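These notes concern the structure reproduced below.
The values are calculated or read from the model by the stated rules, or taken from the named source; none is laboratory data. None of these values were measured; they are calculated from a predicted model. Heads up, the Cβs are rebuilt from the backbone with ideal geometry, glycines too, and the neighbour counts pull from every protein chain shown.
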Amino acid sequence: MDSALTARLAQICGAASVISDPQELRTYECDGLTAHRCSPGLAVLPQSAEEVAAVVRECAASRTPFVARGSGTGLSGGALPRSDGVLIVLSKMRAILEIDPVSRRAIVEPGVTNLAVSKAAERYGLFYAPDPSSQLVCSVGGNVAENSGGAHCLKYGFTVHHVTGLEIVTPEGELTWLGDGTGAAPGYDLVGMFTGSEGTLGIVTKIAVKLTVIPEAVTTLLAAFTTMGAGGAAVSAIISAGILPGAIEMMDALAIEAAEAAVHCEYPEGAGAVLIVELDGPRGDVTREEAAVREICTKAGAYEIRAARDAAERAAIWRGRKSAFAAVGRISPAYIVQDGVVPRTALPAVLDRISELSAAAGIRVANVFHAGDGNLHPLVLFDDAVPGEQEAAEKVSGAILDLCIEHGGSITGEHGVGVDKSRYLPRMFGADDLATMQLLRCAFDPAGLCNPGKIFPTPRLCGEVPGIRRDPHPLVASGQLDQF
Ligand SMILES: Cc1cc2nc3c(=O)[nH]c(=O)nc-3n(C[C@H](O)[C@H](O)[C@H](O)COP(=O)(O)OP(=O)(O)OC[C@H]3O[C@@H](n4cnc5c(N)ncnc54)[C@H](O)[C@@H]3O)c2cc1C
């Protein structure tokens with residue numbers, strides 16, 4: 001990395017917050033997706049929004065690419081650094097700046113962990129609803145960039161439904177607010193557009209979020225079925241009965257085996273599938289809904305239904321589910337965590353087809369997923385010491401995404417496109433769609449310096465003609481948009 005730039009960044013952030021030692025830089029070479037690795041040219045850990053803005057201005061002036069990083073738990077390589085670039089690590093900016101219990105809002109810095117917001121709000125009877133399973137460590141800034149979901153997003157919605165304003169640093173280094181913190185600002189929904197943009201439109205430096213009232217009662221049920229089909233039928237029946245649980249999660253036999261090996265969650269013996277159904281709200285509603293869910297699950301073939309009697313039993317039921325990704329390490333030397341979505345009604349057909357793909361390729365697939373919103377997380381297991389297995393696993397993994405698209409779903413539900421899935425994007429969007437998205441990106445980042453190489457299949461500079469298109473984009477040709 002250019003030594004003059006290093007010196008200027010050390011002046012801005014302090015020498016102790018600039019990392020240039022190659023050994024230390026290896027800490028940041030990947031996120032939760034370890035298949036992609038690259039040490040950054042330089043890492044900086046700013047302590048304020050003003051420092052972030054000054055760092056970005058230096059990068060813009062020297063035409064140096066830069067990448068934001070929160071806690072590095074992303075599963076699509078979104079925070080993968082550039083060897084010729086600066087990694088801007090937000091983990092020192094973790095203050096909860098304001099909690100307003102009256103308007104039920106908080107303003108936080110981007111490096112604060114997701115769970116820390118709920119913990120701080122608890123004394124007011126409030127919590128921050130989006131709850132990725134990584135919530136103990138992942139940052140709210142990373143959640144905004146990925147529009148993260150979680151087990152309770154079925155009822156409460158995704159990150160985008162809880163963010164009302166964002167302070168950002170634009171790719172040119174300007175510090176500005178999107179939205180007014182109420183969620184009701186007139187004009188284009190720039191907060192909605194920025195949320196889920198995977199760090200490609202700028203860097204979030206403050207987040208205004210809604211807080212939600214902690215429900216009066218919570219009941220967590222664990223229902224065991226002999227087959228996935230029976231569990232899937234119960235999911236459809238619960239929703240069509242008009243019940244909206246906080247969460248409906250499902251695990252198949254292989255995922256249960258892994259969770260048992262890792263955390264001894266003691267799910268019912270012989271289960272081909274377990275369903276975790278969490279009901280929350282006013283006590284009377286929860287009691288009524290629990291009775292209805294028990295009846296529906298029994299009709300669908302549940303052979304055992306347990307209800308958590310206290311917080312410890314509730315945590316025990318969730319332990320198996322929340323540990324599932326890491327737990328498959330107990331039953332397989334290597335695995336791919338896939339993330340796709342299908343309409344809930346397509347779940348049975350898609351799960352059957354995944355079993356067929358798995359059997360045909362001789363590659364085991366464990367299924368653990370947010371059943372209520374059709375968000376699949378197939379864990380594709382392989383042994384990287386066996387020649388050809390990794391390639392076979394990647395093929396199965398790609399075929400699962402094709403299956404999601406075929407059924408009207410998406411190649412990602414909550415983990416983002418990042419660097420990992422950019423090659424699949426053209427399977428879902430045509431050249432015109434991709435070109436239009438590039439126009440939006442280029443409107444924010446004309447120099448192409450902000451997290452380049454992510455989301456889109458072919459990184460290109462904004463002045464270049466996108467994709468295979470040689471004529472101007474129709475919106476540009478009609479004068480409705482400018483090509484930068
Ligand atoms: C065990 C495990 C379980 C998980 N469970 C879930 C789950 O249930 N639901 C879910 O949605 N995800 C889940 N994830 C994925 C991951 O935790 C989320 O994507 C999370 O939001 C990433 O946050 P992070 O702070 O680690 O971000 P990072 O990995 O550091 O970065 C992710 C992306 O955000 C960008 N970014 C980070 N900070 C900023 C910022 N301040 N401004 C602009 N861009 C920024 C980065 O450039 C990158 O593109 C899980 C991951 C693991 C390892």
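Taking the stretch 325-346, which residues are assigned to a loop (DSSP other than H, G, I, E, B), touching a His at 6+ places or on another chain (Cβ under 8 Å) and within 16 Å of the ligand (Cβ to nearest atom)?
Matches in the stretch 325-346: Q338, D339.
Can you name every residue in the stretch 114-131 that is under 14 Å from the mean Cα position of the chain (by Cα) and either surrounded by fewer than 23 Cβ atoms within 10 Å (Cβ to Cβ) or away from the ligand (no atom under 12 Å from the Cβ) (or both)?
Once the filter is applied, which keeps residues that are under 14 Å from the mean Cα position of the chain (by Cα) and either surrounded by fewer than 23 Cβ atoms within 10 Å (Cβ to Cβ) or away from the ligand (no atom under 12 Å from the Cβ) (or both), the stretch 114-131 yields only D131.
Anything in the stretch 235-251 that is buried (at least 17 other Cβ atoms within 10 Å of the Cβ), over 22 Å from the mean Cα position of the chain (by Cα) and under 23 Å from G150 (Cβ atoms)? List them, or say none.
V235, I238, I239, I243 - these are the residues of the stretch 235-251 that are buried (at least 17 other Cβ atoms within 10 Å of the Cβ), over 22 Å from the mean Cα position of the chain (by Cα) and under 23 Å from G150 (Cβ atoms).
State yes or no: is E174 within 11 Å of the ligand (Cβ to nearest atom), of a type in the set (D, E) and within 26 Å of G448 (Cβ to Cβ)?
It is false that E174 is within 11 Å of the ligand (Cβ to nearest atom), of a type in the set (D, E) and within 26 Å of G448 (Cβ to Cβ).
Working only within the stretch 188-216, note down all residues that are more than 30 Å from A307 (Cα to Cα), in a strand (DSSP E or B) and among the polar types (S, T, N, Q).
Within the stretch 188-216, just T205 meets the criteria.
Keeping to the stretch 378-421, report how many residues are in contact with a Gly (Cβ under 8 Å, 6 or more places away or on another chain) and of a type in the set (S, T, N, Q).
So the answer is 2.
Being crowded, with 24+ Cβ neighbours inside 10 Å and more than 18 Å from T182 (Cα to Cα) is the filter here; which residues of the stretch 94-110 pass it?
P110
Hey, any hits in the stretch 33-42 for a residue that's within 12 Å of the ligand (Cβ to nearest atom), without any contact (Cβ under 8 Å) to a residue 12 or more places away in the chain, in a loop (DSSP other than H, G, I, E, B) and of a type in the set (V, I, T)?
Within the stretch 33-42, one or more residues are within 12 Å of the ligand (Cβ to nearest atom), without any contact (Cβ under 8 Å) to a residue 12 or more places away in the chain, in a loop (DSSP other than H, G, I, E, B) and of a type in the set (V, I, T).
Show me the helices (runs of 4 or more DSSP H) entirely contained within the stretch 408-483 in which 3 or more residues are at pLDDT below 95 and farther than 30 Å from L347 by Cα.
Filter on the stretch 408-483 gives 431-444, 474-477.
So, in the stretch 277-315, exactly how many residues are closer than 30 Å to I363 by Cα and within 30 Å of the chain's Cα centre (by Cα)?
1
Yes/no matrix, rows are residues, columns are (1) in contact with a helix residue (DSSP H, G or I) (Cβ under 8 Å, 6 or more places away or on another chain); (2) of a type in the set (D, E, K, R):
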| site | (1), (2) |
| --- | --- |
| R314 | no, yes |
| A327 | yes, no |
| P333 | no, no |
| V337 | yes, no |
| I354 | yes, no |
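Of a type in the set (G, A, S), assigned to a helix (DSSP H, G or I) and farther than 20 Å from A392 by Cβ: which single residue out of A302, A349, A360 fits that description?
Of A302, A349, A360, the one residue that is of a type in the set (G, A, S), assigned to a helix (DSSP H, G or I) and farther than 20 Å from A392 by Cβ is A349.
Filter the stretch 415-447 down to the residues that are within 16 Å of the ligand (Cβ to nearest atom), among the charged types (D, E, K, R) and under 19 Å from the mean Cα position of the chain (by Cα) and list them by number.
Of everything in the stretch 415-447, those that are within 16 Å of the ligand (Cβ to nearest atom), among the charged types (D, E, K, R) and under 19 Å from the mean Cα position of the chain (by Cα) turn out to be D420, K421.
Here are V144, V235: which of them is within 30 Å of R294 (Cβ to Cβ) and in contact (Cβ under 8 Å) with a residue 12 or more places away in the chain?
V235
Taking the stretch 158-169 as the region of interest, how many residues are more than 12 Å from V209 (Cβ to Cβ) and either more than 8 Å from the ligand (Cβ to nearest atom) or surrounded by fewer than 24 Cβ atoms within 10 Å (Cβ to Cβ) (or both)?
The qualifying residues number 3.
Here are A184, A208: which of them is out of contact with any helix residue (DSSP H, G or I) (no Cβ under 7 Å at 6 or more places or on another chain), away from the ligand (no atom under 16 Å from the Cβ) and not basic (K, R)?
The match here is A184.
Quickly run through the stretch 152-187 and pick out the residues that are in a loop (DSSP other than H, G, I, E, B), more than 18 Å from E109 (Cα to Cα) and modelled with pLDDT of 90 or more.
H152, G157, F158, P171, E172
For the stretch 136-144, indicate whether the set of residues that are under 25 Å from V52 (Cα atoms), within 14 Å of the ligand (Cβ to nearest atom), β-branched (V, I, T) and in a helix (DSSP H, G or I) is non-empty.
There is at least one residue in the stretch 136-144 that is under 25 Å from V52 (Cα atoms), within 14 Å of the ligand (Cβ to nearest atom), β-branched (V, I, T) and in a helix (DSSP H, G or I).
Would you say S17 is under 24 Å from D420 (Cβ atoms) and polar (S, T, N, Q)?
Criteria not met by S17.
For T219, state whether it is more than 13 Å from the ligand (Cβ to nearest atom), more than 30 Å from G231 (Cα to Cα) and part of a strand (DSSP E or B).
In short, no.
Restricting to the stretch 68-86, name every residue that is of a type outside the set (S, T, Y), more than 9 Å from the ligand (Cβ to nearest atom) and either outside any loop (DSSP other than H, G, I, E, B) or surrounded by fewer than 24 Cβ atoms within 10 Å (Cβ to Cβ) (or both).
Selection gives R82, D84, G85, V86.
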